[in-house]
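S.K.: Handing you a structure now.
The values are calculated or read from the model by the stated rules, or taken from the named source; none is laboratory data. Everything quoted here is computed from the prediction, not taken from an experiment. Note that we place each Cβ from the backbone using ideal geometry, even for glycine, and neighbour counts take in every protein chain shown. These area figures cover heavy atoms from the full protein model, side chains too; ligands, DNA and RNA do not enter into them. Shrake-Rupley method; radii C 1.70, N 1.55, O 1.52, S 1.80 Å.
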Amino acid sequence: MQGLGALPFGVAMFLVGVGVLALTAIVARLVSKRLRISPVHAPLAVETDLPRHQDGVIVVRPGGRVAYMNESARQMFSVWEERPSFERLARKARPSDAFVSLCAAEGVAQFSVEGRLLEGTSFTFPNGSGDLMLVSVRPHQVSRLGEMVSESTPQAIQVLTSLGQSMAASLDLEATLYAILESVEQLIPTDFAEITVWDEENQHLIPYRFVGVAGVDRRLETTEERYPLGEGYSGYVAAVR
């Protein structure tokens, strides 16, 4: 009786095993079919054959440390060391104050490096250790010095309009000279600008220049130098007109 009773139990276990295997096969087939049907997202076709830009890019960390310079910027400043010195870059720029200000705050400025006129634009972007400054530099397209002053750009028109208003507002000689020099600095990047006034009584030119730091203690002063006609650059220009 015990042997006969064991037979139905074994058959039942066999049938249960067959059922589990069949169920597993059905589930596996359904999953496999679903995976085959699921859409596969192909990578986007991105056109990488783009013309390379020629702008110089400089990234400056807080405190005046150069974090990055691309090849174009290195060529413009003629620096090739792995970590260029910010002070060295500033010494190469003329006027240096324009370049330093560009690396300290967002803005647009013109300056020259090794006789080449450049135009820079700076932007800030957040970083964990403090905002970084990205400075983009490109050549400023000017063919002749006279065209720089007379070209019909919004900046030049604005500067010349402001100069005319300043000259009309005051007949004081030094105020007029101050306005002229200030306007010239906005149009022509230079280490310093000088304007000379003809002294009819003594028959020589008297030079005036800016001294001091812009925005701090800048003032107009005359020097002890005097340029008779034909002597010095100003004297030569006055002589040959």
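S.K.: Which net charge results for the neighbourhood of residue 234, defined as the other residues with beta-carbon distances under 14 angstrom from its beta-carbon, given Lys and Arg at +1 and Asp and Glu at -1? Before the final figure, lay out each step's value.
M.R.: Details: positive: 209, 226, 241; negative: 194, 199, 225, 231.
Computed value for this residue: -1.
S.K.: Along the Cα→Cβ direction, 7 angstrom out, place labels at residue 96 and residue 124. What is the inter-label distance in nm?
M.R.: Each label point is offset 7 Å from its Cα along the Cβ direction, giving 2.5 nm.
S.K.: What distance in nm lies between label points placed 7 Å from Cα along the C-beta direction at residue 194 and residue 114?
M.R.: In this crude spin-label approximation the distance works out to 2.7 nm.
S.K.: Please find the FRET efficiency linking residue 201 to residue 132, where r is the Cβ-Cβ separation and R0 is fixed at 45 Å, and quote it to the nearest 0.05. Don't skip to the answer; put the middle values down first.
M.R.: Values: r = 58 Å, r/R0 = 1.29.
For R0 = 45 Å, the calculated efficiency reads 0.20.
S.K.: Something else about it: Just to be sure I understand the model, the point goes 7 Å from the Cα along the line to the Cβ. What's the resulting residue 54 to residue 80 distance in nm?
M.R.: A separation of 2.1 nm, rounded to one decimal place.
S.K.: Another question about this same structure. Starting from the amide H of residue 70, placed 1.01 Å from N in the peptide plane, find each other amide H under 5 Å away whose residue is 5 or more places distant or on another chain.
M.R.: Here the answer is 57, since their amide H atoms fall under 5 Å of that of residue 70.
S.K.: For the stretch 96-142, with all protein chains present and a 1.4 Å probe, just round the carbon and sulfur fraction of the accessible area to a whole percent. Don't jump to the answer; show the numbers that get you there.
M.R.: Details: 1240 of 2440 Å².
Solvent-exposed carbon and sulfur of the stretch 96-142 make up 51 percent of the total.
S.K.: Quick one: pull the percent of accessible area on the stretch 53-94 belonging to carbon and sulfur, 1.4 Å probe, ligands and nucleic acids left out.
M.R.: Numbers: 1080 of 2430 Å².
That fraction is 44 percent.
S.K.: Sort 98-107, 220-229 by the packing proxy (mean of other Cβ within 10 Å over each peptide's residues), most packed first. The partial results should precede the final answer.
M.R.: Working: 98-107: 18.0, 220-229: 14.0.
Those peptides, ordered most packed to least, come out 98-107, 220-229.
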